[in-house]
Amino acid sequence: MRISTVTIFEQSMSSMNRQQGDFLKVGQQIASGRRVVNPSDDPQAASRAVQVSQSLAVTEQYADARVSARNALSQEESVLNSVGDAIASAKTLIVQAASDTLSDADRASVASELRGIYETAIGQANATDGNGRYLFGGYRDGSEPFVRNADDTVGYVGDDNSRAVRIDSSRLMPVADNGSDVFLSVDASAGYVAEADSDNAGSVTFTGPRVVDESDAGYGNAYSIEFSVAGGATTYSVNGGPAQAYEAGQSISFGGLSITLDGTPADGDRIDMDRAENMNTNLFETFEKALAVLEAPAATDAEKAARSNTLNGVMREFDNSLDNILTTRASVGARLNELDVVDSVADNRTLNYEQTLSDLVDLDYVEAIAEYSLRQVGLQAAQKAFVDIKGMSLFDRM
């Protein structure tokens with residue numbers, strides 16, 4: 001079979017081009033550190049690599065979200081700690097102010113210190129997360145959630161929602177509790193609170209109420225103790241029930257509760273009792289009630305009794321507010337712990353994605369260098385063969 005000179009030249013050039021292309025491809029792989037430089041190098045691996053890269057990017061986005069969530073929750077935990085300390089200090093002052101040895105001037109001094117704590121609590125309730133967003137405003141986090149009303153009381157203008165961040169594909173975590181739940185509520189486990197009617201004219205005081213039997217059929221109901229003075233005899237009735245003789249210092253029980261009464265009631269005086277969640281649950285209103293009685297001198301027995309009853313109720317309300325703060329703080333701590341767990345799981349997932357991605361597209365340098373050397377020899381051989389064939393001519397024999 002006759003092979004033309006043109007065919008020999010074309011095949012030699014094709015061989016050199018092929019060897020040079022293979023040599024260049026291995027060089028690109030070594031330079032980039034990737035086995036799959038172009039999708040055509042391994043279409044299946046390239047397709048899977050895109051999917052794994054997307055999953056890795058989503059995992060990294062969730063990691064950034066967890067950093068943001070951790071910062072917000074840490075800030076809230078710090079604020080709640082400060083508020084808890086403020087309430088504890090306020091309780092100490094209330095105990096001090098309730099002492100009969102203090103004068104009105106002494107109580108005014110205590111009130112001044114209590115007002116400072118009150119202002120501190122308001123400031124903490126309007127704390128921001130460092131980015132200008134108010135922690136306890138709910139979705140309305142662009143302005144202060146607690147504002148002064150015209151009567152100098154504190155009102156809540158935030159909403160009842162809680163901001164949340166998706167920290168993983170299957171977990172939407174609240175990263176801030178709204179002010180209503182933190183400062184205007186009590187825990188569901190809070191007991192009873194008693195409050196004397198503001199129109200009471202006598203000097204009756206109370207201590208308690210105490211829960212003695214939660215299994216009582218009447219436990220959970222609201223109660224009202226009404227006093228009647230007629231013909232020199234003082235009686236009381238519970239929720240309009242039968243009249244019973246009143247005796248100062250006695251403890252009366254009903255509905256699984258017990259309350260101790262003292263002093264001299266006037267006709268028509270009343271003491272109301274209900275579950276804490278149905279009474280005053282506003283922390284700032286509790287401060288305001290305490291300040292009002294401490295800043296006002298008490299001269300008559302009725303005024304002193306009203307002060308005693310108010311401070312008694314204030315202590316209960318502070319206890320309930322503190323319990324609610326501690327419960328919320330425990331919830332924040334649990335969420336911070338959950339973030340640590342999710343971080344650990346996500347770190348393992350990231351390592352798996354990176355390993356899979358490496359297996360799909362990364363280069364085995366030992367194998368690639370050996371291939372590089374082989375392609376280099378092949379290219380040199382093709383070049384040498386072309387030179388030799390090019391030199392084969394009949395004219396050299398003439």
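Just so it is clear, none of the values below were taken in a lab; they were calculated from the coordinates. On a predicted model such as this, the values are computed, not experimentally measured, just so you know. Glycine also receives a Cβ, built like all others from the backbone with ideal geometry; neighbour counts cover every protein chain displayed.
If you sort the three axes of the alpha carbon gyration tensor as a ≥ b ≥ c, you get a/c of 1.5 or more for region 147-227 and a/b no higher than b/c, which makes it oblate. Extension gain, residue 299 to residue 71, is 76.9 nm, computed as 0.36 nm per intervening residue step minus the present C-alpha separation.
Among 89, 101, 138, whose Cα sits farthest toward the positive end of the charge dipole of region 81-148 (+1 at Cβ of Lys/Arg, -1 at Cβ of Asp/Glu, about the Cα centre)? Farthest towards the positive pole: 138. The H on the amide N of residue 263, modeled in the peptide plane, is under 5 Å from the matching H of 205, 249, each at least 5 residues off or on a different chain. Would you please classify the overall shape of region 192-280 from the alpha carbon gyration tensor, given that a ≥ b ≥ c denote the square roots of the eigenvalues, rounded means a/c under 1.5, and beyond that prolate means a/b larger than b/c while oblate covers the rest? Cα axes put region 192-280 in the prolate bin.
One chain, two ends: residue 201 and residue 89. Fully extended at 0.36 nm per residue, the span grows by 37.1 nm beyond their Cα-Cα distance. Taking region 237-281 and a reference point 7 angstrom along Cα→Cβ of residue 100, the backbone N atoms nearer than 11 Å belong to 263.
A viscosity of 1.306 mPa s and a temperature of 10 °C, combined with the Kirkwood radius over C-alpha pairs in the Stokes-Einstein formula, give region 245-296 a diffusion coefficient of 115 µm²/s. Over the C-alpha atoms of region 75-212, the Rg to Rh ratio, Rh being the Kirkwood estimate, stands at 1.06. Placing pseudo-labels 7 Å out from each Cα toward the beta carbon at residue 58 and residue 351 gives an inter-label distance of 2.2 nm.
A simple spin-label model places pseudo-atoms 7 Å from Cα toward Cβ; at residue 162 and residue 188 they are separated by 1.3 nm. A Förster radius of 30 Å combined with the Cβ-Cβ distance from residue 336 to residue 119 puts the calculated FRET efficiency at roughly 0.55.
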